[in-house]
Amino acid sequence: MKSTPRSCRRLIPLVVSLAAGLVVACSPASSATPDVPIDPDVHAPQAAAQVPVETLTLTGADASRVVLTRDDLAALPRERVTFSRHEDTSVYEGPLLLDVLARVGVPGSPLPKDQQATALLITVADGYQVVLGLAETDPATRADRIIVADTDDGEPLGPDVGPFMIVAEGDARAARSARMVVAIQVIPLGGATN
């Protein structure tokens, strides 16, 4: 029987706990309303009595925080993206996610190599979370755009999807197009590259 080297044995508990943490961090939060069906493409709706959050909190890689309002997003350059969610096609409008992230120090397009191993943890009002790679938001890397939408067919997003929604153009499923977005955290995963 082959034995595991001592250095590897010390890493096994760390790897197991990191893997468990990723599963928990990237899973939808348990719902307080068990009779609400969970759609596999979009997170469970929030209870109607909840007051919608009207701000978006950004946390940069250096832990800096910026809270944005609808007016802050409206002041940024706008993009229009036609996107289908559950057989409903709409034209969503809002700034590129990369432009929004500039408010917490994320460099513009084209992203430098040291930003390629950076994740974005997107959290919505009901606890659902989605992870995107920062490079996916860069128009120099990916032709399809990712925006922070605040309008749907020219109207402000309603309380059931807004006030902010991530729209990932070109996705076959709406699972990454999180609605009711309240926070985005920039998480560097790798060290600097040459």
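The values are calculated or read from the model by the stated rules, or taken from the named source; none is laboratory data. Because the structure is predicted, anything quoted here is derived from the model rather than measured. Because the Cβ atoms are built from the backbone with ideal geometry, glycine has one as well, and the counts that use them run over all protein chains shown. Just the protein is used for accessible areas: all its heavy atoms, side chains included, with ligands, DNA and RNA removed. Shrake-Rupley method; radii C 1.70, N 1.55, O 1.52, S 1.80 Å.
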* List the trypsin sites (Lys or Arg not before Pro) in the stretch 85-116 that DSSP assigns to loop (not H, G, I, E or B) and whose Cβ has at most 16 other Cβ atoms within 10 Å. Which are they? -> none
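Could you put Glu54, Glu169 in order of accessible surface area, largest first, with the 1.4 Å probe and the full protein assembly present? Walk me through the intermediate numbers first.
Working: Glu54 85, Glu169 35 Å².
Descending accessible area places them as Glu54, Glu169.
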* Over the stretch 62-194, what is the relative contact order in whole percent, taking alpha-carbon pairs under 8 Å and six or more residues apart? -> 26 percent
* Structure fact -> Rounded to whole angstrom, the alpha-carbon centroid of the stretch 149-174 lies from that of the stretch 66-113 at a distance of 11 Å
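On a 1.4 Å probe surface of the protein chains, which of Ser64, Ser177 comes out largest in accessible area, and what is the full order?
Values: Ser64 40, Ser177 0 Å².
Order by accessible area, largest first: Ser64, Ser177.
Of all accessible surface on the stretch 78-194 at a 1.4 Å probe, what whole percent is carbon and sulfur? Show your work: numbers first, answer last.
Working: 2460 of 5010 Å².
Using a 1.4 Å probe with all protein chains present, the stretch 78-194 comes out at 49 percent carbon and sulfur.
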* Structure fact -> Residues whose built amide H sits under 5 Å from the amide H of Ala178, excluding neighbours closer than 5 in sequence, are Ile166
* Structure fact -> Rounded to the angstrom and largest first, Cα extents along the principal axes for the stretch 105-171 equal 38, 26, 24
* Structure fact -> Of all DSSP beta bridges having both residues in the stretch 64-194, the percent classed as antiparallel (nearest 5) is 100 percent
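Provide the per residue accessible area, probe 1.4 Å, for the stretch 58-105, rounded to a whole number of square angstrom.
Working: 2550 Å² over 48 residues.
Value for the stretch 58-105: 53 Å² per residue.
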